[in-house]
Amino acid sequence: MADDFDVIVIGAGPAGENAAGRCADGGLTVALVERELVGGECSYWGCIPSKTLIRPGDVLAAARRAPGAAEAVTGELDADAALAQRDYMTSDWDDRAQLPWLEGKGIELVRGAGRLAGERAVAVAAGDGSTRRLGARRAVVLATGTIPLVPPIPGLGEVRPWDNRSATAAKAVPRRLLVLGGGTVGAELAQAFRRLGAEEVTVVEGADRLLAREEPFAGEEVEAAFQAEGIAVITGAKMVAARREGHDGPVAATLEDGHELVGDELLVAVGRRPATANLGLETVGLEPGRPVAVDDRLRAAGVDGGWLYAVGDCNGRAPFTHMGKYHGRVAADVILGKDAADLAGQEQVPRVTFTDPQVCAVGLTEAQARDKGLEITVVRYGTGDVPGAYTLGNGIRGTSQLVVDDARRVVVGATFTGPGLQELLHSATVAVVAEVPVDRLWHAVPSFPTVSEVWLHLLEAYGC
């Protein structure tokens, strides 16, 4: 006999939590299935610990830009204290503090590995070897996220490389760190460990620049900052072999041109793949190991009856925690019978790379807009060229850019680079999602002296 609920959510990360919580708030009975920790990847091995490790270096860099404060920075960064704060922020990888929230909403937590077992059915394998069968009267929501991708490089598996989990849970800072991959995870952690005290950090990226999915100037500015901090960057390079000397000895990585790099640890950050291989997708006619394709109401494509949903990274739409949370809310509203849909899709997604300089972007890049056939105008202005930036200290640099659809006179993409700009991004997200005409945006007056005044210069460059 199955235990029946209105809704079963597999995966208790941010996407699953939002779906479960919103369904429960709407009066439905909900089971939340989790095989690891309630809070998921982001809370324990992703966003929260990584940004906690990034923060000390950012604070020191900001102080050193401000005369008066710079003179007070006389000591070295305390890596042990930073790692202890990381432990605090992850609750030492204990999720007990998350449980009162579930109990307060009447959500039943089912510990174990959940997998589909046919239509509206979920089997949960517990750690003691038992299996519990659950039935869903209304919906099953998949929120299983992604797992790190390890490329088939000879010897790579044998050297026990770091992934994001190993890096964000590290107990000590390696003296020499090699980083394979110059995307967001690789770039953020490379700089974080350099600032935490790693003597040598080298980033190897196969594309011709860092952050290859963002505007070219963004990767170029981050690379210049890395070089100024003593982080080596090798682009357009492929790693073809890896080996470790002994059990705990150094790692040697060989590049395609024969050049060999040596480090004490090797972080692999070349991407992620959906955690759907062992989810029982084959029992409902879907292919295991692939993203679960969904429609704009987050319902799984190819599954009759509209009972199966996929939210967050596992659907492949927009692999960001905030978008997973949004998907969870949208799916819950659809399950509750509301007229809801994913309106952000894949073209209005905000994203921040928390390097210094930060790269904050939303919507389409210039290349993406041109590939869509849009007639666009691209305008730029120096992020550090407004009075608000000067008040933050010396050496504030960066680039602000808008991509404007000329036919509709609306912003379809925006990118801001510079230190500490993450809170500037939401104004651009509102402009892109709401499709506010630029002639109206010109009347949204930014306060003085703030970095937001860069908006006026961008709009005036467009002709407003």
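The values are calculated or read from the model by the stated rules, or taken from the named source; none is laboratory data. This structure is a prediction, so every number in the text was calculated from the model and none was measured. Counting neighbours? That spans all protein chains shown, and the Cβs are built from the backbone with ideal geometry, glycine included. These area figures cover heavy atoms from the full protein model, side chains too; ligands, DNA and RNA do not enter into them. Shrake-Rupley method; radii C 1.70, N 1.55, O 1.52, S 1.80 Å.
Computed values, structure above
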item: Apportionment of accessible area to carbon and sulfur, the chain, percent (1.4 Å); result: 50
item: Estimated vicinal HN-Hα couplings, Hz - region 249-256 in sequence order (Karplus 6.51, -1.76, 1.60; Gly, Pro = x); result: x, x, 9, 10, 10, 9, 8, 4
item: Cα point-scatterer Debye curve for region 300-450, base-10 log of I(q)/I(0) at q = 0.15, 0.19 Å⁻¹; result: -0.88, -1.19
item: Rg ratio (alpha-carbon, reference 2.2 N^0.38 Å) - region 196-330; result: 1.43
item: Amide H within-cut-off set for GLN358, under 5 Å, with H built and near neighbours excluded; result: GLY418, GLY420, LEU421
item: P(r) tail fraction, region 197-236 - alpha-carbon pairs more than 10 Å apart, %; result: 67
item: Mean projection area, nm², convex hull over Cα of the chain; result: 24.3
item: Share of Cα-Cα pairs in region 307-374 lying beyond 17 Å, as whole percent; result: 52
item: The chain: antiparallel DSSP beta bridges as a percent of all, rounded to 5; result: 60
item: Percent breakdown of C-alpha pair distances by 5 Å bin, ordered from the shortest bin, for region 382-428; result: 5, 19, 27, 21, 13, 9, 4, 1
item: Whole-number D in µm² s⁻¹ for region 1-116, Kirkwood Cα-pair radius fed into Stokes-Einstein, 20 °C, 1.002 mPa s; result: 129
item: Per residue accessible area in Å² of the chain, where ligands, DNA and RNA are left out and the probe is 1.4 Å; result: 44
item: Relative contact order of the chain, defined on C-alpha pairs under 8 angstrom at six or more residues apart (%); result: 15
item: Scaled radius of gyration (Cα, divided by 2.2 N^0.38 Å) that region 258-305 gives; result: 1.88
item: Region 118-185 pair-distance distribution - Cα-Cα, 5 Å bins, rounded %; result: 3, 10, 15, 15, 12, 10, 11, 13, 8, 3, 1
item: Label point distance in nm, ARG440-ASP385, each placed 7 Å from Cα along Cα→Cβ; result: 2.9
item: Per principal axis, descending, Cα span of region 210-256 in whole Å; result: 41, 22, 14
item: If the convex hull is drawn through the Cα atoms of region 171-234, its volume per residue in Å³; result: 68
item: Rh (Kirkwood; distinct C-alpha pairs) - region 346-419, Å; result: 13.0
item: Residue order for GLU375, GLU347 - accessible surface, 1.4 angstrom probe, largest first; result: GLU375, GLU347
item: Debye log10 I(q)/I(0) at q = 0.11 Å⁻¹ for region 135-271, Cα point scatterers; result: -0.41
